[in-house]
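The values are calculated or read from the model by the stated rules, or taken from the named source; none is laboratory data. Because the structure is predicted, anything quoted here is derived from the model rather than measured. Heads up, the Cβs are rebuilt from the backbone with ideal geometry, glycines too, and the neighbour counts pull from every protein chain shown.
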Amino acid sequence: MRAWEEIIHTGIIGTDKKAVNTQIFSEELLPLFEKLEKEAEDKEDFFLSLSSVIYNYRRGSFLPQKETVTELPLCEAEIKKHVNPSQVSSLQAVLGDESDSLLFYWLMQCDKKNLITNNELIPALLEIAERNKELRPFILSCTGNRGKWMARFNPKWNFNTGLTEKEIFDHGKPDERKEALKNWRLKSPDEARAALMQSWGEEQAATRLELLEAIEINLNKNDEEFLTVILKDKSQKVKEAAIKLLKQVPDSFIVKEVWEFTRPLLLVKKAGGLLGMSGKETLDLNLSFDIPEHFKSYGISHIDANKIYSEKEFTLDQLLGFIPPSYYEDHFQMKAEQIMELFAKKPETEKFISSLASSTNNFKNGEWGKLLYRKYNKLCTSVVKDFDRELQEEIAVATLSDFKDVYSVLPDRTNEWSMNFTMELLKNKSQDPYGYNRNYYKHIIHHFPVSVAEKLDSITVADPLRQSYWENLKEELKKMLAIKQQIIQSF
Amino acid sequence: MNLSEDQILALAPDDSSKKSGKDLANPSKWANTGVNEKALWGECQGSGKNPYRTQVDLSNIAFKCSCPSRKFPCKHGLGVLLLYARQKNLFSNGESPDWVKDWIDKREEKKEKQQEKADKPVDLEAQAKRVQQRLKKVNGGIDELQLVLKDIVRNGILNMPEKGPALFTNLTKRMVDSQASGLAVMTREVAEMNYFSDGWQTTFMDHLSRIHLVVSAFRKMEVLPDELAEEIKSQLGFTQSTDELKQQEGLNDQWLVLGKHTEQQEQLFVQRNWLLGTNSKKYALVLQFYVRTQPPELNLTPGTLIEAELSFYKSICPVRAIVKNLGKTSAPSDIKGFENWVQLLQFEKEQYSKSPFVTSMPFVINDVKFAGDGKRWFFNDRENKSVAVQCEDKKLHKLLAVSGGNSFSAVVVGGEGHYEPIAMYINKSFIIL
């Protein structure tokens, strides 16, 4: 508005130096301005009166226009039903508590019932999906078509829904490409590897390393060729990552080469047992060896930082960890249990049980893992996911002080833990309420049975200085459990 | 009457009360919870020996709690209401206990007493004398204010940011001393202005124009019509007696509470409640002033419909009102606002032409849709005419999510082509943004 611009212009310079140019105003206003000038005490009074009139004139002069911007397309109708008011209430309680664990629990129930959330809470959920990749698929499922429709208004909510892994891998951002490649490996490992091979030359070293991590998923013999090619990569870190992967492929040339070298070092002696029965067999380890120089590039080192082994023993321990459990079974013509017994017979071979655990961990052999834990108390974390829940909880109780992240031994994020395990965990963690505070519980509370709330008072904290903190924490836990109860009731 | 969580949280005096209220919306904290058509109650175990007794008057939302908190409502009041909104099954239906009944009865008695008090005669002569004395004082303050305004425009406003808030803070004190509290509010707004924002010059000149308008109108008050003179006095800070207002005939209607805004001015809280008469189509502003330790007389919740008789302050363009009689509260079944932007803007223009002192207020417009390209957003009316939407992303996303591209009724506040949505009505739900 020109008139107002003139007021501002004059106001900035000051009436002492500039008079308002009334000629630019609409002709119909001129008589009014003349009247104001006549009645004004001085030029400042006139300026302020003019300003007041034009201010009001400006406020009332706006007329709506037909804008060229197009109206938004309507969101597609929902197929799924919306949650009911009591389910909305429980979601509001969850969001108010800012607990990802309870939100996960709520989303699971919503998804199970094939429902979608109320529209009002969709932005809040999408904001959470933005930062929490684990909750993202559930949130997308529970926000229905409206959630997808909302993605067009915030680029951060565009989670590539509806795109194939190939499309995301070809055109996505670095993080998205990595995620897509991982998902692709789960569905079709060969296709995913072929895509990576194709783009390999154009990727930067850091990106190559990141993408290579995805190959660990569904790693198989077909990957060997690609991994062997990239052993010549310029980046040392990429080479090391390729070797690490080749070490996990049972038939890879590295594994075979190490096995060919190691096999003669494992000597089975038959101690004149009746009709050659296995009970009399013992294992001798030949420690008079020198590894080929290039084995060092496989990550085999000489010095044991823990000083449990001699130099040769330490090298042998690593070589044995290279060998897949199936090779041992073929070589000794024994079952897993017998092989472990063979190693355990003599103190000088018993120490290599941990090498078998490394092998089990490396090649993810569930059967060996179970035996090693049950009989030799060796935990192979990579196979714990294959154990039954009872055993997992037993391991979790035994290792409560070792692992900060309980999911390393109880990897299922969906189920409810037993009362026994929950209480053991609480008894253990409650002794350090500063380290294991509300933040810790708000990520795992959905696993707790609701009825544990009644038993919280029975937990005692030894350190008197920590008791009051635990008391407060206990109240927080009760509150979170009450919300879980509310979720259960609402669904 | 079912209040949504947003409506309940809108009653909270501050953010910490909202958080504490949410924390207390937990069944394990409450015992003996109950509800009937008049009240909602419960006992909450606090740090003391005995549980706190918390009660809510549901007919005219009001709170009472035996806790020592000085906030109104306290966290227990909010907590019990939130718990009721979330889990109604936890509240037994039936007769209220004596402690609830006593309080509800006392509230009704108090209402009757207030009515009796309003019937007492007023000494008009003494009142007129007081007004004259005050006008004399105001005159002195205005002389000084005019001098400063003239100085500013004579030398130019360019160096105002360097001068800082001191000049207008001192003027505010002077206006308080001269009993021109309305002008004190205006000068305080200038003192609190942000000079770092783009276009501060326009904001500054807007303030100056408004102040000058009041000041120059005051000088000519004797020749102005009575209603306009009353308006000017009200702009200066002269209040009309609420007792007198209560004696005059009010406007009975079902009033929809459109919005509520509370701001703190030093020790005082100023609460603006905007209402729309669903039959009369009249907009009203109910102002409440209170200190932290004393609750406001009314607890109006946006999105609720109240049966009430409102008495309007004398004005050329009457908007400010008091609630003379308050009846039941319910949920709206429909909202009728302006049909299109032209109609709304025409109404605004008429208001400005009647009284240049009218400030922006919330309006309801029906059947608007969103239009935008991700950078600029507009509200299109059913004739496809647009005004720009001015709001933060969070609000915008909530509006988008709820509307899904469909039309809705919006409660907007703003002017000059830019409107901020404060609430929406869609699918029979009033949603606070």
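Suppose we keep only residues that are closer than 29 Å to A:Glu475 by Cβ and out of contact with any Phe, Trp or Tyr (no Cβ under 7 Å at 6 or more places or on another chain) within segment B:47-60. Which one would you say is surrounded by the most Cβ atoms within 10 Å (Cβ to Cβ)?
Kept after step one, since they are closer than 29 Å to A:Glu475 by Cβ, are these residues of segment B:47-60: B:47-56.
Narrowing further to those that are out of contact with any Phe, Trp or Tyr (no Cβ under 7 Å at 6 or more places or on another chain): B:47-52.
Working: B:Ser47: 7, B:Gly48: 10, B:Lys49: 6, B:Asn50: 9, B:Pro51: 18, B:Tyr52: 21.
In this case the residue turns out to be B:Tyr52.
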*Give the residue that is nearest to the chain's Cα centre (by Cα), with candidates limited to residues of segment B:50-96 that are within 23 Å of A:Gly96 (Cα to Cα) and aliphatic (A, V, I, L, M).*
B:Leu78
*Which residue, of A:Glu41, A:Glu78, is touching a Lys or Arg at 6+ places or on another chain (Cβ under 9 Å), without any contact (Cβ under 8 Å) to a residue 40 or more places away in the chain and assigned to a loop (DSSP other than H, G, I, E, B)?*
A:Glu41
_Test of understanding: among B:Leu83, B:Leu78, which residue is within 14 Å of another protein chain (Cβ to nearest Cβ), out of contact with any helix residue (DSSP H, G or I) (no Cβ under 6 Å at 6 or more places or on another chain) and under 19 Å from B:Ser16 (Cα atoms)?_
B:Leu83
*Could you figure out which of (1) surrounded by fewer than 18 Cβ atoms within 10 Å (Cβ to Cβ); (2) free of Cβ contacts under 8 Å to residues at least 60 places away in the same chain isn't true of B:Glu227?*
(2)
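Among the residues of segment A:178-199, is there at least one that is within 14 Å of chain B (Cβ to nearest Cβ), in a helix (DSSP H, G or I) and out of contact with any strand residue (DSSP E or B) (no Cβ under 6 Å at 6 or more places or on another chain)?
no
Would you pick out the residues in segment B:183-206 that are away from chain A (no Cβ under 14 Å) and either surrounded by 19 or more Cβ atoms within 10 Å (Cβ to Cβ) or modelled with pLDDT of 95 or more (or both)? Spell out how you get there, then give the answer.
Start the filter on segment B:183-206 by keeping residues that are away from chain A (no Cβ under 14 Å), which leaves B:183-185, B:187-189, B:191-194, B:196-197.
Once the filter is applied, which keeps residues that are away from chain A (no Cβ under 14 Å) and either surrounded by 19 or more Cβ atoms within 10 Å (Cβ to Cβ) or modelled with pLDDT of 95 or more (or both), segment B:183-206 yields B:Leu183, B:Ala184, B:Thr187, B:Arg188.
Inspect segment A:128-147 for any residue being in the same structural domain as A:Ala214 (by TED's automatic domain parsing), farther than 24 Å from B:Lys375 by Cβ and among the aromatic types (Phe, Trp, Tyr) and give the result as yes or no.
no
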*So which of B:Leu9, B:Leu40 ends up being hydrophobic (A, V, I, L, M, F, W, C) and within 14 Å of chain A (Cβ to nearest Cβ)?*
B:Leu9
*Test: residue in segment A:456-472 that is under 17 Å from A:Asp97 (Cα atoms) and either crowded, with 18+ Cβ neighbours inside 10 Å or assigned by TED's automatic domain parsing to the domain that holds A:Glu416 (or both)*: yes
*asked:* When the residues of segment B:23-33 are narrowed to those that are buried (at least 19 other Cβ atoms within 10 Å of the Cβ) and within 18 Å of B:Pro97 (Cα to Cα), which ends up farthest from the other protein chains (Cβ to nearest Cβ)?
replied: B:Thr33
*Which numbered condition A:Thr315 misses (of (1) closer than 17 Å to A:Thr262 by Cα; (2) in contact with a strand residue (DSSP E or B) (Cβ under 9 Å, 6 or more places away or on another chain); (3) buried (at least 16 other Cβ atoms within 10 Å of the Cβ))*: (2)
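Which of the residues spanning segment A:299-318 are modelled with pLDDT of 85 or more and either among the aromatic types (Phe, Trp, Tyr) or touching a Pro at 6+ places or on another chain (Cβ under 6 Å) (or both)?
Here is the first cut: in segment A:299-318, the ones modelled with pLDDT of 85 or more are A:312-318.
Once the filter is applied, which keeps residues that are modelled with pLDDT of 85 or more and either among the aromatic types (Phe, Trp, Tyr) or touching a Pro at 6+ places or on another chain (Cβ under 6 Å) (or both), segment A:299-318 yields only A:Phe314.
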*Just for strands (runs of 3 or more DSSP E) wholly inside segment B:295-376: which have at least 1 residues that are closer than 24 Å to B:Ser209 by Cα?*
B:320-330
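One line per residue, one yes/no per condition, for (1) without any contact (Cβ under 8 Å) to a residue 12 or more places away in the chain; (2) within 14 Å of chain A (Cβ to nearest Cβ); (3) over 14 Å from B:Gly277 (Cα atoms); (4) among the aliphatic types (A, V, I, L, M):
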position	(1), (2), (3), (4)
B:Gly337	no, no, no, no
B:Val342	no, yes, yes, yes
B:Lys354	no, yes, yes, no
B:Phe357	no, yes, yes, no
*What are the residue pairs meeting all of these: first residue in segment B:24-35, first residue in contact (Cβ under 8 Å) with a residue 12 or more places away in the chain, second residue in a strand (DSSP E or B) and surrounded by fewer than 19 Cβ atoms within 10 Å (Cβ to Cβ), Cβ atoms under 9 Å, and 6 or more apart or on different chains?*
B:Asn32/B:Ser92; B:Thr33/B:Ser92; B:Gly34/B:Ser92; B:Gly34/B:Asn93; B:Val35/B:Ser92; B:Val35/B:Asn93
